[in-house]
Each structure stands twice: as C-alpha cells, then as structure tokens.
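Contents: one structure, followed by commentary.
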Amino acid sequence: MEHAASTNQRHTPATNFAYYESPIGLVELGATAAALTALYFVEALRHETVVTPLLQQAAEELDGYFAGTLRAFALPLHFQGTPFQQQVWQQLLTVPYGATTSYQAIADALGNPRAVRAVGAANGQNPLSIIAPCHRIIGSDGNLTGYGGGLWRKEWLLRHEGYLLV
C-alpha cells in the first residue's frame with residue numbers, strides 16, 4: 001500500500017510577516033510563534049502583514065538599533081540552512097557592534113581556513129541581516145565586499161555603528 005505524500009512531509013511552523021520602514025529602506029520580517037526567521041531588505045511588500053508580539057518586538061528593537069541606543073538584539077532566532085551555513089551565521093553573531101572581521105577569520109574560527117569562499121557564500125545567504133551582522137564582514141584587505149542589500153547599505157550600517165571606513 002502506498003502512503004500519501006503528506007505523511008512523509010515535515011511539519012513547518014507557520015511564518016507570519018511584517019514590514020519595517022528603516023532609514024535605509026523597507027525591511028521584511030518573518031517569524032514563527034517561537035523565533036524570528038527572516039530579515040531582508042525588499043523593494044515592496046511580498047506577503048500579507050500579520051503583526052505578532054515577536055514581530056512587534058523585532059520592530060521595537062530595530063527602532064533602538066537605528067536610533068543608536070541598541071547594540072545587541074535580544075530576539076529569539078531560528079536559522080534555516082545547511083549545518084555549515086548555520087555555523088557561519090552563528091559566527092556572525094559573535095562580531096561586536098562597531099567592529100568588523102573577515103571571511104578568512106570566520107573560516108579560521110570554524111577550523112577550516114580554506115573555506116573562505118564557502119563562508120562568503122553562506123554570508124550572502126544570511127536570512128537575518130542586521131541581527132546576524134553580515135554587514136560587519138569585510139575582505140582581508142579591509143575593503144568592503146558584496147552585500148545582499150547593496151554595498152551602499154553595508155557602508156551606511158558600518159558608519160552608523162561608528163566603524164571608520166578608510
């Protein structure tokens with residue numbers, strides 16, 4: 001007897017979405033009841049807005065971040081990705097406000113110094129930008145490198161945090 005496909009599907013918690021108008025553009029926030037799962041810069045609304053207490057907390061913390069009064073987020077986070085991506089994203093969370101590190105330093109911290117390009121690719125797939133601060137990752141030579149939200153936003157965020165760009 002064949003089983004219906006639905007019996008083999010993994011249950012995925014429902015995601016609600018809200019939007020936040022930041023000084024550098026529209027931000028889409030996604031969350032389950034338990035954790036924030038997405039924070040992306042977008043050009044327009046893509047989902048129906050359902051503001052939950054967790055999404056409200058995210059907006060309030062972003063208010064503090066952009067006002068310069070919040071340096072560390074307290075939101076519960078859930079990253080969905082490969083084990084390697086999750087290791088990279090956890091490393092992003094260790095980079096302090098106003099500081100930067102390099103792709104090479106992250107690869108070294110993961111015990112895989114040859115994984116610089118893989119670290120860069122995982123950084124580019126970060127589902128929780130700003131909170132998992134992928135904007136704080138720069139090239140080993142000190143140059144800004146790619147940023148999914150645009151290099152101008154990366155530069156803005158670094159300057160906002162007091163990082164002095166050369």
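Each value in this text was obtained by applying a stated rule to the coordinates, not by laboratory testing. Values in this document were obtained by computation on a predicted structure and should not be read as measured data. Glycine gets a Cβ as well: all are built from the backbone with ideal geometry, and neighbour counts include every protein chain shown.
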For Cα extents along the principal axes in Å, the listed values are (i) 43, 41, 34; (ii) 73, 45, 25; (iii) 64, 38, 26; which was obtained by calculation from the structure presented?
(iii)
For the chain, with the dipole built from +1 on Lys and Arg beta-carbon atoms and -1 on Asp and Glu ones, taken about the Cα centre, which of ALA107, PRO23, LEU55 lies farthest toward the positive end?
ALA107
Taking the Cα centroid of the stretch 22-74 and of the stretch 87-166, what is the distance between the two, rounded to the nearest whole Å?
20 Å
Treat every Asp and Glu Cβ in the chain as -1 and every Lys and Arg Cβ as +1, leave all other atoms uncharged, and give the resulting dipole magnitude about the Cα centre to the nearest 20 debye.
420 debye
Segments 46-59, 15-28 sorted - mean Cβ within 10 Å per residue, highest first
15-28, 46-59
Residue-wise HN-Hα coupling along the stretch 69-84, computed from phi with Karplus coefficients 6.51, -1.76, 1.60 (Hz; x: Gly, Pro):
9, 10, 10, 9, 7, 10, 5, x, 10, 9, 9, 10, x, 5, x, 5
Out of PRO133, PRO96, PRO83, a Gaussian network model of the chain with alpha-carbon springs under 10 Å gives the largest mean-square fluctuation to PRO83
Among LEU75, LEU62, LEU36, determine the one that fluctuates most according to a GNM of the chain built with springs between C-alpha atoms less than 10 Å apart.
LEU75
Quick one: dipole size for the stretch 8-67, taken about the Cα centre, charges +1 on Lys/Arg Cβ and -1 on Asp/Glu Cβ, in debye to the nearest 20.
320 debye
